[in-house]
Amino acid sequence: MARKLKGIAAAPGIAIAPVVHFHPTLEHIPTYGVGPDAIEGEQRRFQAAAQEVAQSLLAIQRELAGAIDARESRIYDAQLAILHDQTFRRDVEAEVRQHGVNLEVALQRVVARYEAVFEAMENPAMRERAADLRDIGRQLVGALLATERGKYTANGQDYLFVADEFLPSDAGMLDRRHLRGIVTAHGGKYSHGAILARSLGIPAVVGIEPIMLDSNTGAVAIVDGDAGIVILDPTPDQVADYERARREQRAIDSRLAEVRFQPSVTRDGTEVRLQANVEGVRDLDSLETEAIAGIGLFRTEFAFMERRQFPTEDEQVAMYRRAMEGAKGKAVTFRTLDVGGDKPLGYFRMPEERNPVLGWRGIRLGLDWPDILYTQVRAILRASALGHARILLPMVTTRSEIVRCREVLDQLQADLRANAVPHDRSIELGVMVEVPALVPVLPDLMPLIDFLSVGTNDLVQYLLAVDRDNQRVAKMYDPLHPGVLRVLEQIAAAAARAEKPVSVCGEIAGDHWFTPLLVGMGYRELSMAPVFLPRVKVMLRSLTLAECVDLAQRALAMPSTAAVRKLVQDEIQARWLRQLGAGEERRS
């Protein structure tokens, strides 16, 4: 039976291949006492092992030189720096000398202490460096035991690398000709293993559910590195769907060079601003800001979730300024803290709730704890002096919440003016439309706000009364439901009447099947995960505005989800495949 497992999207792309489990070869570490007369010999062993590991790392670096960017190649420089760090060496030698243990045990103890220090750090990128220490420790112990590391292979067959974690030294041991994907139980999006996977172009999902490690070697699995999903023992239909998606991606990749920096317009010239959703300033490093209209959703909560305490105002200002600088003069929409529900803060005790998705979260929490809201809004205002910043309020339910937030904003701006603190005095305030009850009262809210952003993930599940993470009912979560489409059309119409900009920043914004429908309803701003931008741009440039309006009007008139889906399959998907095929013919 097919099982859909959720992890963290670490490297984009789709892979379909049999699972091969890989385990560290160091299963038994010898333990014995070391007398004073043997300490010098242990030191010589350490020097020899360090020299061997250094040569191995340099060899991996040379081997990968043509496959990864120079920036990613410096990962191995970081490991070499650990290896040659004199403090690290002295600590290992002191462990041998003071406790009379053999070098292998001393290494394990020192590496464990160093790991604990790194894992306690607030910066997630620094916490990920604990994996580098484990890797160096593993390599040193392997050299001490003269354990030969063989290539990770699957007898010349395509395979998925499945392991507890993927460490930088593993990259040199892979049969990359047949490696199709990487799945690990541990690791983060910014670990060196994940960075290498992205640079090598290998789809990867990390932090996967433990059941994956218990699967049988040889079992077929699908790795969706875009969505952070692994499907174990997929059905033939699922395999066919992903095979089609993979073929489409190859065709899109070949067309991307043609459209990457071209305008985001329909075939007859109607502009649609395509923006990016980002989770933190590090996401901007790989973002082609020249190809987007701005940052349509900066999820500030992830910076809070990565820390071990609330960031100070100055720390937030530094982060938001980095985002403004990374956007290179384009607008950045900062969503205020949206924790609670499925995004708890480890250092902030929240009440246990029977249904946290409908509970104390978003702006409800911010207004109940005004210190949090005041500090964050003030920090965004201070950062706004660098360019075009916008403030977006999540989980708004009532007009009174907007009134209170507007009062907070006005009060903070007055304080900044009085103290001659630079900021954007006309900063825009917007509202996320997620709660269905907000839709009929939008005309009453428009005088209080400057823009709208539709958070379709929550809006759809609230409209359909379906928890999309509940496997029993998840199949009922379908944004193509006619009721959802008509609500989306009502939001766009309300914004148009009030002459206020409106964007879609939920998952359907990055679903290219939805692009014609949203444009046809009147949406002119779409914000999505960067990986989906090429598909949406290619789709957008293949249609005229009149065609989008026609498709949207017909979909809105459909009586059932099945009827809407048939329209999408027969006309939007069919057109898409014909267009990609025609593009391939032109190039051949």
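Of the strands (runs of 3 or more DSSP E) contained entirely in segment 247-337, those carrying at least 1 residues that are buried (at least 19 other Cβ atoms within 10 Å of the Cβ), touching a residue at least 12 places away in the same chain (Cβ under 8 Å) and of a type in the set (Phe, Trp, Tyr) fall at 294-299, 331-335.
Per the listing Ile82, Ile75, Ile29, Ile68, the residue uniquely outside the structural domain of Phe161 (by TED's automatic domain parsing) and touching a His at 6+ places or on another chain (Cβ under 6 Å) is Ile75.
Among the numbered conditions (1) in a helix (DSSP H, G or I); (2) touching a residue at least 24 places away in the same chain (Cβ under 8 Å); (3) outside the structural domain of Lys500 (by TED's automatic domain parsing); (4) of a type in the set (S, T, N, Q), the only one that Asn457 does not meet is (3). Mind checking which residues of segment 338-366 are at pLDDT 70 or above, surrounded by 18 or more Cβ atoms within 10 Å (Cβ to Cβ) and either touching a Lys or Arg at 6+ places or on another chain (Cβ under 7 Å) or assigned to a loop (DSSP other than H, G, I, E, B) (or both)? Residues satisfying the conditions are Asp338, Val339, Arg361, Gly362.
Summed over segment 182-199, residues that are farther than 18 Å from Ile75 by Cα and either modelled with pLDDT under 80 or in a strand (DSSP E or B) (or both) total 3. Among the residues examined, Ser527 does not qualify as in contact (Cβ under 8 Å) with a residue 24 or more places away in the chain and out of contact with any Cys (no Cβ under 6 Å at 6 or more places or on another chain).
Taking (1) within 17 Å of Asp170 (Cα to Cα); (2) in contact (Cβ under 8 Å) with a residue 40 or more places away in the chain in turn, Ala65 satisfies each apart from (2). Considering Ile231, Ile202, Ile222, the condition of being surrounded by 15 or more Cβ atoms within 10 Å (Cβ to Cβ) and assigned to a loop (DSSP other than H, G, I, E, B) is satisfied by Ile202 alone. Restricted to helices (runs of 4 or more DSSP H) entirely inside segment 463-547, those with at least 2 residues that are modelled with pLDDT of 95 or more and among the basic types (Lys, Arg) are 482-498. A search for C-beta distances below 6 Å between a residue of segment 358-379 that is aromatic (Phe, Trp, Tyr) and any residue that is buried (at least 22 other Cβ atoms within 10 Å of the Cβ), counting only pairs 6+ apart in sequence or on different chains, returns Trp360/Gly340. Confirm whether Leu442 is in a helix (DSSP H, G or I) and not assigned by TED's automatic domain parsing to the domain that holds Val519. When the stated conditions are applied, Leu442 passes them. Comparison of Val519, Val504, Val564, Val568 shows that the only residue that is over 30 Å from Gly430 (Cα atoms) and surrounded by 23 or more Cβ atoms within 10 Å (Cβ to Cβ) is Val564.
Within segment 12-65, being closer than 30 Å to Val239 by Cβ and not in a strand (DSSP E or B) holds for Pro12, Gly13, Phe22, His23. Listed by first and then second residue, the pairs with beta-carbon distance under 6 Å, at least 6 apart or on different chains, first residue in segment 443-454 and touching a residue at least 60 places away in the same chain (Cβ under 8 Å), second part of a loop (DSSP other than H, G, I, E, B) and of a type outside the set (Ser, Thr, Tyr), are Phe451/Lys500; Phe451/Pro501; Ser453/Cys505.
Return the residues of segment 435-461 that are over 16 Å from Met528 (Cα atoms), modelled with pLDDT under 95 and in contact with a helix residue (DSSP H, G or I) (Cβ under 6 Å, 6 or more places away or on another chain); say none if nothing qualifies. Correct list: Val460 only.
Any residue that is part of a helix (DSSP H, G or I) and of a type outside the set (Asp, Glu) - is there at least one of those in segment 153-162?
Within segment 153-162, not a single residue is part of a helix (DSSP H, G or I) and of a type outside the set (Asp, Glu).
Please count how many residues of segment 380-414 are in a helix (DSSP H, G or I) and without any contact (Cβ under 8 Å) to a residue 24 or more places away in the chain. Adding up the residues that qualify gives 5.
The values are calculated or read from the model by the stated rules, or taken from the named source; none is laboratory data. What you see is a predicted model, and the numbers here were worked out from it, not measured in a lab. As a convention, Cβ positions derive from the backbone with ideal geometry for all residues, glycine included, and neighbour counts pool all protein chains shown.
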